[in-house]
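Here is the structure we will look at, set down as structure tokens.
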Amino acid sequence: MFAASAQAALISGAAALTERASYRGLRRVAWGLGHVFPSDNRVVVARPDGKLWLYLNDGYWSPLLRPHWAYEPEVGRALERLLRPDSYFIDGGANIGYWSMFASARLPAGSVVAVEAAPQSYQRLAENAELNDDRWRCVYAALWNVADETLTMHASRRFHASGTVVERIAFRTSLTSTISTVTVDELVARYASDTAREIVIKLDVEGAELPAIEGATETLRRRAWHLVYEDHGKDPTHAVTRFLMGELGLRVHALAGDGSFAQVSRLDALDEIKKDPRKGYNFVASSQDLAPRLGRDD
């Protein structure tokens, strides 16, 4: 217990020092300390919407030790506007459950389903669900266009947020496992059957967004829904947004860090938005006109 507290204090101090530089270098500090302290050291971090176990050798989530830090604030602002008291929420690529915690604090019991395909991340997702009185359901599967297929999951001990079923990971510490698939339509039929309630879907599944959307055909056709998704900067073809705008004819809005949103009127406009190939960019599509819900269109 003392060792975990000491390790957390050191990481928290490094977070305070690197905050103005967007926590640059903090991951390396956390990883380095992970070689000195026990690898299973963890602490509970209290957040406004609940609590999370933070494994202290996890550099990705170490900014959680700063009480005012917000993960992907543009997604949080969008979800604040999209979620209604009777919404369902499907957290695709839930990782440790940050957005499941966020949504389940706003929705009735049984309304949140968290899907994760990486074994280590799923374990931590389930631990965090238990820590929050099982406010969300956990599903160990990969979102795909068909159910019950077996895929290979490529993950990394350090860069666990980059785990993917669509390509090999070149990290030296890469891990592989097999995982069964599930579709959004199957999850909706199982856990979100009340057709009078809207469905909010968050997709951050590291390159599997298109198959996941293809597996939501019935939901997109028959239900009221909102989709918050990532279109990564490393994809110059903008495949996910191209499919949503071109094949499905949907209106898409880009989410900015300051909480504003802007409709994407032309696909080539994404060339000016997605400038960093190392970064994921967040967008929202909907079965409805988003202007009344999101407030203003910049």
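Within the range 106-116, the residues that satisfy the criterion of being open to solvent by less than 10 Å² (accessible area, probe 1.4 Å) and within 15 Å of the chain's Cα centre (by Cα) are V112, V113, A114, V115.
On inspection, W99 fails the criterion of being in a strand (DSSP E or B), in contact (Cβ under 8 Å) with a residue 60 or more places away in the chain and of a type in the set (A, V, I, L, M, F, W, C). Looking at the structure I just gave you, is D185 open to solvent by 60 Å² or more (accessible area, probe 1.4 Å), among the acidic types (D, E) and either at pLDDT 95 or above or under 17 Å from E206 (Cβ atoms) (or both)? So D185 fails the test. Being modelled with pLDDT of 95 or more, more than 20 Å from the chain's Cα centre (by Cα) and not polar (S, T, N, Q) is true of L26. Can you pull out every residue in the range 231-249 that is open to solvent by 60 Å² or more (accessible area, probe 1.4 Å) and of a type in the set (S, T, Y)? Once the filter is applied, which keeps residues that are open to solvent by 60 Å² or more (accessible area, probe 1.4 Å) and of a type in the set (S, T, Y), the range 231-249 yields only T237.
Being β-branched (V, I, T) and in contact with a Lys or Arg (Cβ under 7 Å, 6 or more places away or on another chain) holds for only one residue in V240, V264, V228, and it is V228. Among the residues of the range 209-230, those that are open to solvent by 10 Å² or more (accessible area, probe 1.4 Å) and not in a helix (DSSP H, G or I) comprise R223, A224, E230. A single entry from E206, E272 fulfils the requirement of being in contact with a Ser or Thr (Cβ under 6 Å, 6 or more places away or on another chain) and either surrounded by fewer than 21 Cβ atoms within 10 Å (Cβ to Cβ) or not in a strand (DSSP E or B) (or both): E206. Screening the candidates T195, T217 for the property of being under 27 Å from K234 (Cβ atoms) and out of contact with any strand residue (DSSP E or B) (no Cβ under 8 Å at 6 or more places or on another chain) yields one hit, T217.
Contact annotation: residue pairs with Cβ atoms under 6 Å, 6 or more positions apart or on different chains, pairing a residue in the range 259-273 that is closer than 19 Å to R81 by Cα with a partner that is part of a helix (DSSP H, G or I) and not basic (K, R), are F261/L294. Look at the range 198-219: where a residue is closer than 14 Å to Y88 by Cα and polar (S, T, N, Q) and a partner is at pLDDT 90 or above and assigned to a strand (DSSP E or B), sitting 6+ places away or on another chain with Cβ atoms under 7 Å, you get T219/I199; T219/W225.
Looking only at residues of the range 248-264 that are assigned to a loop (DSSP other than H, G, I, E, B) and modelled with pLDDT of 90 or more, we find that the one that is farthest from A216 (Cα to Cα) is V264. Screening the candidates G295, G233 for the property of being modelled with pLDDT under 90 and of a type outside the set (V, I, T) yields one hit, G295. Scan the range 244-255 and report the pairs whose first residue is in contact (Cβ under 8 Å) with a residue 12 or more places away in the chain and whose second residue is β-branched (V, I, T), with Cβ atoms within less than 6 Å and a gap of 6+ or a chain change. Cβ pairs passing all conditions: L244/V252; M245/V252; V252/T241; V252/V264; H253/V284; A254/V264; A254/I273. Which members of the range 122-180 meet the condition of being acidic (D, E), in contact with a strand residue (DSSP E or B) (Cβ under 8 Å, 6 or more places away or on another chain) and either buried (at least 22 other Cβ atoms within 10 Å of the Cβ) or modelled with pLDDT of 95 or more (or both)? Answer for the range 122-180, where residues must be acidic (D, E), in contact with a strand residue (DSSP E or B) (Cβ under 8 Å, 6 or more places away or on another chain) and either buried (at least 22 other Cβ atoms within 10 Å of the Cβ) or modelled with pLDDT of 95 or more (or both): E127, D148, E149.
Against the list (1) under 20 Å from E72 (Cβ atoms); (2) out of contact with any Gly (no Cβ under 7 Å at 6 or more places or on another chain); (3) not hydrophobic (A, V, I, L, M, F, W, C), the condition N128 fails is (2).
The values are calculated or read from the model by the stated rules, or taken from the named source; none is laboratory data. Keep in mind it's a predicted model, so treat the numbers as computed, not measured. Note that each Cβ is placed from the backbone with ideal geometry, even for glycine, and that neighbours are counted across all protein chains shown. To get the accessible areas, we keep the full protein, side chains included, count just its heavy atoms, and leave off ligands, DNA and RNA. Shrake-Rupley method; radii C 1.70, N 1.55, O 1.52, S 1.80 Å.
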